[in-house]
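A.B. asks: Structure below; questions to follow.
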Amino acid sequence: MLTGLFYLTHVLGMASIIGAGSYLLFRKSIAAEAKKKVALFLMGWSHTQLLTGFLLFMMKLNSVNHTKIGIKILFAVEISLVATMFVRKLKEGKESQALLIIILLSSIATALIAFLWK
């Protein structure tokens with residue numbers, strides 16, 4: 001039951017990161033306050049993604065592909081750090097499209113690894 005809840009939260013987190021990142025990257029006319037809220041949402045889900053992924057790994061320690069999980073954890077740490085950097089840049093009034101591209105590409109790569117690598 002608890003594993004299922006963590007798994008659902010983990011998958012929703014990835015979908016939210018990809019959705020929020022795409023929205024921020026491709027939507028050109030967003031108010032500054034709305035952009036900050038979506039960026040905070042993205043950062044929160046990236047941190048949630050990292051935490052739930054780590055908890056799922058610890059719960060299933062003996063039955064996982066450690067190489068796959070190691071790569072996914074590296075991507076999750078990178079996404080969390082870059083999302084935090086993006087939020088800080090927005091607070092300073094400097095928006096970085098490059099950071100959004102990194103978040104989006106890394107999230108898509110992580111999702112592909114998760115669902116296609118057995």
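The values are calculated or read from the model by the stated rules, or taken from the named source; none is laboratory data. Just so you know, these numbers come straight off a predicted model, no measurement behind them. Neighbour counts run over all protein chains shown; Cβ positions are idealised from the backbone, glycine included. To get the accessible areas, we keep the full protein, side chains included, count just its heavy atoms, and leave off ligands, DNA and RNA. Shrake-Rupley method; radii C 1.70, N 1.55, O 1.52, S 1.80 Å.
A.B. asks: Probe radius 1.4 Å, ligands and nucleic acids ignored: give me the carbon and sulfur share of the accessible area of the chain as a rounded percent. Write out the running numbers ahead of the final one.
C.D. replies: Working: 5070 of 7070 Å².
Accessible surface attributable to carbon and sulfur in the chain totals 72 percent.
A.B. asks: A further question on this structure: Computed FRET efficiency, Cβ-Cβ of Lys118 and Tyr23, R0 35 Å: what is it to the nearest 0.05? Each step should come with its number before you reach the end.
C.D. replies: Values: r = 31 Å, r/R0 = 0.89.
Efficiency for this residue pair is about 0.65.
A.B. asks: In degrees, nearest 10, range 0 to 90: what is the angle between the Cα axis of helix 2-26 and the longest Cα principal axis of the chain?
C.D. replies: 30 degrees
A.B. asks: Still on this structure, please answer the following. Could you sort 43-53, 27-37 so that the peptide with the highest average Cβ count within 10 Å comes first and the rest follow in order? Show your work: numbers first, answer last.
C.D. replies: Working: 43-53: 21.4, 27-37: 10.3.
Put in order of decreasing packing, that is 43-53, 27-37.
A.B. asks: Please compute the length gained on full extension between Ser63 and Ala15, using 0.36 nm multiplied by the number of residues separating them and subtracting their Cα-Cα distance. Display every interim value, and only then the final one.
C.D. replies: Numbers: separation 48, 0.36 × 48 = 17.28 nm, distance 2.47 nm.
Result: 14.8 nm gained on full extension.
A.B. asks: Roughly how tilted is helix 66-91, in degrees to the nearest 10 and between 0 and 90, from the longest Cα axis of the chain?
C.D. replies: 20 degrees
A.B. asks: Could you report the chain's accessible area per residue, 1.4 Å probe, as an integer in Å²? Show your work: numbers first, answer last.
C.D. replies: Details: 7070 Å² over 118 residues.
Accessible surface, normalised per residue, equals 60 Å².
A.B. asks: Can I ask one more? Assuming a strict under-26 Å limit between Cα atoms, what lysine pair count do you get for the chain once near-sequence pairs (fewer than 8 apart, same chain) are dropped?
C.D. replies: Value for the chain: 20.
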